[in-house]
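Q: This is the structure, below, for whatever I ask next.
Since every read-out is calculated from the coordinates, none of them should be taken as a lab result. These figures come from a predicted structure and were not determined experimentally. So basically every Cβ, Gly included, is an ideal-geometry build from the backbone, and we count neighbours across all protein chains shown.
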There are 2 protein chains.
Amino acid sequence: MSSAAKVIDALAALAQEHRLALFRLLVQSGEAGLPAGVIAERLAMPASSLSFHLAHMERAGLIRRTRHGRSLIYAADYAAMNGLIAYLTENCCAGASCVQPIAEERNAA
Amino acid sequence: MSSAAKVIDALAALAQEHRLALFRLLVQSGEAGLPAGVIAERLAMPASSLSFHLAHMERAGLIRRTRHGRSLIYAADYAAMNGLIAYLTENCCAGASCVQPIAEERNAA
DNA sequence: TCGATATTTCCAGAATTATCGAATCATAGG
DNA sequence: CCTATGATTCGATAATTCTGGAAATATCGA
């Protein structure tokens, strides 16, 4: 994930209303993921539009797909998101002022 | 930062080659920030193009500007980036698989 | 007040991205 | 082999974003 180009792809993939909602939905769905049809229903979106966004996110490396019979199952790639957050933490923060609050978050949880 | 719309604005602001470089430059420059002219020179970019990107990032809340004589000084808003990372950590990760590595990062540092 | 400097705003054109119906592809089951 | 189902790809259009020169704005110093 370290290269800036990949980071930009990931950021761009998430920087869209439908795709951010899509990713959050997949995160909630866990490793098992969800078939495209169910996602389309949950997000109330035409199949072809959803397919466009799914392809976009897969290209960016944020989600993975597997086939299960006629269904294509999509699942969040947690490692990719982890890498993105690591990049932002390491390259776009100023030490204490940015890393600390996350540490507090962990203690609070 | 919590609202999804604001998060999308911040992600979109960072999801662009020149703006990501710009933000990283400002992060490195610390609280003191940098005048627009210096940024334009460092990023080798026409003044009007840079101005477009600076405005974009300021609208997204990621940078702040202050005037100093004829110069407009831009500086990274660390709290905003912190909020963005917090949102991603809380909403786009699956507990252990995403939060843990960041914890390791802290221990290693 | 005048001229120089720092930067933005305006504008038009180029490039990219999003939308979604219709056509197509892949698989399952009879 | 045929049909139904789940999903993608195609294609055309609409909308948004990026680019950079020229003009306008703000400030400083003499």
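Q: Take the alpha carbon atoms of the range A:5-58, find their center, do the same for the range B:1-36, and report the distance between the two centers in whole angstrom.
A: Distance between centres, Cα-based: 24 Å.
Q: Once the other residues with Cβ under 13 Å from the Cβ of B:Pro35 are scored (Lys, Arg +1; Asp, Glu -1), what is the net sum?
A: On the way: positive: B:Arg42, B:Arg65, B:Arg67, B:Arg70; negative: B:Glu41.
Local net charge: +3.
Q: Please state the relative contact order of the range B:4-108 as a whole percent: Cα pairs under 8 Å, 6+ residues apart?
A: 27
Q: Something else now. Hey, for B:Ser48 with labels 7 Å out along Cα-Cβ, what do the inter-copy distances come to in nm, ordered shortest first?
A: Relative to the other copies, B:Ser48 has label-point distances of 3.8 nm.
Q: Shifting gears a bit: Would you mind listing the distances between the A:Leu72 label point and the same position in each other copy? Use 7 Å along Cα-to-C-beta, nm, one decimal, shortest first.
A: Shortest to longest, the spacings are 4.4 nm.
Q: While we're on this one: Can you check what the net charge comes to around A:Ile63, using other residues whose Cβ is under 11 Å from the Cβ of A:Ile63 (Lys, Arg +1; Asp, Glu -1)? Please list the in-between numbers first.
A: Numbers: positive: A:Arg19, A:Arg59, A:Arg64, A:Arg65; negative: A:Glu58, A:Asp77.
Charge balance near A:Ile63 sits at +2.
Q: Suppose R0 equals 22 Å. What FRET efficiency, 1/(1 + (r/R0)^6) with r the Cβ-Cβ distance, do B:Ser51 and B:Glu31 give to the nearest 0.05? If you can, show how the numbers build up before the last one.
A: On the way: r = 22 Å, r/R0 = 1.01.
Calculated value: 0.50.
Q: Here's something else I'd like to know. A:Ser3 label points, 7 Å along Cα→Cβ, one per copy: pairwise distances from this copy to the rest in nm, shortest first?
A: 3.7
Q: Given a cut-off of 17 Å, what percent of all Cα-Cα pairs of the range B:11-75 lie beyond it?
A: Values: 617 of 2080 pairs.
Taking all Cα-Cα pairs of the range B:11-75, the fraction more than 17 Å apart is 30 percent.
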